[in-house]
Structure formats: structure tokens, C-alpha cells
1. Filter the stretch 278-293 down to the residues that are in contact with a helix residue (DSSP H, G or I) (Cβ under 8 Å, 6 or more places away or on another chain) and surrounded by fewer than 20 Cβ atoms within 10 Å (Cβ to Cβ) and list them by number.
2. Determine, yes or no, whether ALA138 is more than 14 Å from the chain's Cα centre (by Cα) and not hydroxyl-bearing (Ser, Thr, Tyr).
3. If you take the residues in the stretch 3-31 that are closer than 14 Å to LEU72 by Cβ and among the charged types (D, E, K, R), which one is surrounded by the most Cβ atoms within 10 Å (Cβ to Cβ)?
4. Scan the stretch 115-130 residue by residue and report those that are within 13 Å of VAL278 (Cα to Cα) and part of a helix (DSSP H, G or I).
5. Taking the stretch 123-139, which residues are open to solvent by 60 Å² or more (accessible area, probe 1.4 Å) and in contact with a strand residue (DSSP E or B) (Cβ under 7 Å, 6 or more places away or on another chain)?
6. For the stretch 36-53, enumerate the residues that are in contact with a helix residue (DSSP H, G or I) (Cβ under 8 Å, 6 or more places away or on another chain) and over 21 Å from SER74 (Cα atoms).
7. I'm trying to understand the selection: among the residues of the stretch 209-240, which are within 13 Å of TRP192 (Cβ to Cβ) and open to solvent by 20 Å² or more (accessible area, probe 1.4 Å)?
8. Identify all residues within the stretch 32-81 that are of a type in the set (Gly, Ala, Ser) and either open to solvent by 50 Å² or more (accessible area, probe 1.4 Å) or touching a Gly at 6+ places or on another chain (Cβ under 9 Å) (or both); write none if there are none.
Amino acid sequence: MELYQIKTFVVVAEEGNITRAAKHLHASQSTISLHIKSLEEEFDVRLFLRTPKGMQPTPEGKQLLEKARDILDSVEKFEYEARTMKGELSGVARVGLQTSPVYLRTPQLIKLIKEKFPALSLHLVQMPTWTIRSDIAARKLDGGFFYSNSPPEDVDGILLEKTILHVVGPASWEERMASANWEDLARLDWIWTPEECSFNVKLEETFSARDLKVSKAMIADSEDTHNALVKSGNGITVMRGDEAAEGVEKGEFYIWPGGHIEVGLYFGFPRKKENDPVVRALLDCVEKVWEKA
């Protein structure tokens, strides 16, 4: 058994697809298949079921998957510790951003990392909250920011703040919204969020608790799209306080005065990797940046 075979096994399990695994590992599909076949023959155990939905680990495969991840973690830790014996952490830290880099204090984070770990490079990737969480769980990212209504179970994370979300409509809707209650709001056209979004979950809870059915005029998964649709008078949505205030200042938005909702802003990292040198460096810097605010 070779280390590259173990890595292939883990990547195929995480991707659920030979083609994607081959792309991830920069190898041919036939090479990936051969590695899996070699492992199965060496230990006389079937690791995957080939299904129409992709490569699904067998019960035996699931059991061995955690052991394989532990092996890769140990090797990764060995490599990092060997590199840092010279007193300098190097490599690339992959970090997911789910919203405005300014709001996430990314400029301050970059500055601090450059000061403390000059040989460590940052690879910043903009993507939705739900994609960040899944990519952290699959160890495609070393860390990332995401919203969540409760402490995440699929990854480890630290709570940075409770983010306040205001109900926001076009400035021209002030008269319709000023004295509205939640029942009135439910009848207005809403620019809704995808099911995977933490905003969606919180809004569903808020209206369901009042036994209200919402008029969902459209669904959009981008903050920029929500902002543009509100500005153009297509409906109302929820928005971070800083974004809402900026729109009000420009005469584009009206903030409903009847209340707000909250979601947690987290910085997450792969399970059981808090002692990994790169993850540790990220956590230290993120905590310091958010402590200073």
C-alpha cells in the first residue's frame, strides 16, 4: 500500500466521482480506478459501490475512510513541522469568503498574516456559505467564513459575532413598510434565499412561528443580486446592517423599523485539525483581528 493510493481513496470518497477525483489529483481516470482496484485487491475488501449517483463508500469503506484521513493528517503534520523547524511557516492557506471581504476584515487579516507569517501565502476563494462548509468538511479549504444558526456539526469553528439582519425594501416602499407588522410583510413580494442558506432557515422559523405564509416572488443566491433587485423595486429581503445602512444613505433602501433577525458568523476549519500549523496560524490571526474590533 502506497501513500498516493490512500490519498486517492480519500479524494474519490469526498468527490463521489472518478472524473472529479482525477481532475483534483491531476491524474487520468484509469490511474484513479487502478489505485482503487489495487487497494481493494490488496486487502480483499470492497471500498466503493458504483452507482448512478457516483462512487458510494461501502460500510467497510466508510470505516476505513476515517483511518485513511488520520494517516494523511499525520503525514501533513509531519511535513509542516519539518518545514517549520527553520522557524518559518510556509505554504498556502486556502480560505473561503462568503460575503464582503471588507465586512470580514480580510485586509486586516492579510496584513497580520504577512507580519507574523511572511512565507505563508493566502488563496482566497469567494463562494456561498453552504459551499464553504462542505469544502471545509472535505478538506479542500483550510478555513473559511460562513453563517450558521447554531454551532456547526460538520466542521469545527469559532463564533465571531451575531450578525444582525434587517428587513429591507426599496426606498419608495417606505409608506407600505413603516407601520407594517410581520403579517403585512408576509404579503409583500419577497426576494428569498436558497434552502441551503442560513438566512432562509432563520426566515422560515420567524414566519412559521407566527403561522404565516410568505409571498416568495423570486429566489436569488447572491447578495449583489438581492441588492440590485431591491434597488429596482422588485421586492423586500433581509440584509446585513452595514449594507442596509449604506443603501439608506444613498437613498436606495428603506429599513423596516419593526424588528430584525440574527445569524451567527463563524470561522470554520476541518474537524480535528486545530493543531495543524496552517490552521493554527489562521485561527490565531482571525481571533486577533476580530478581538481588536
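The values are calculated or read from the model by the stated rules, or taken from the named source; none is laboratory data. This structure is a prediction, so every number in the text was calculated from the model and none was measured. So basically every Cβ, Gly included, is an ideal-geometry build from the backbone, and we count neighbours across all protein chains shown. When the accessible area is computed, the model is the full protein with side chains, heavy atoms only, and any ligands, DNA or RNA have been set aside. Shrake-Rupley method; radii C 1.70, N 1.55, O 1.52, S 1.80 Å.
1. ASP284, LYS288, LYS292
2. no
3. Out of the qualifying residues, it is GLU14.
4. Of everything in the stretch 115-130, just one residue is within 13 Å of VAL278 (Cα to Cα) and part of a helix (DSSP H, G or I), namely LYS116.
5. HIS123, LEU124, GLN126
6. Pass one, the stretch 36-53, residues in contact with a helix residue (DSSP H, G or I) (Cβ under 8 Å, 6 or more places away or on another chain): 36, 38-39, 45-48.
The answer is ILE36, SER38, VAL45, ARG46, LEU47, PHE48.
7. Answer for the stretch 209-240, where residues must be within 13 Å of TRP192 (Cβ to Cβ) and open to solvent by 20 Å² or more (accessible area, probe 1.4 Å): LYS213, VAL214, SER215, LYS216, ALA217, MET218, ILE219, ASP221, SER222, THR225, LEU229, ASN234.
8. Those that are of a type in the set (Gly, Ala, Ser) and either open to solvent by 50 Å² or more (accessible area, probe 1.4 Å) or touching a Gly at 6+ places or on another chain (Cβ under 9 Å) (or both): SER33, GLY54, SER74.
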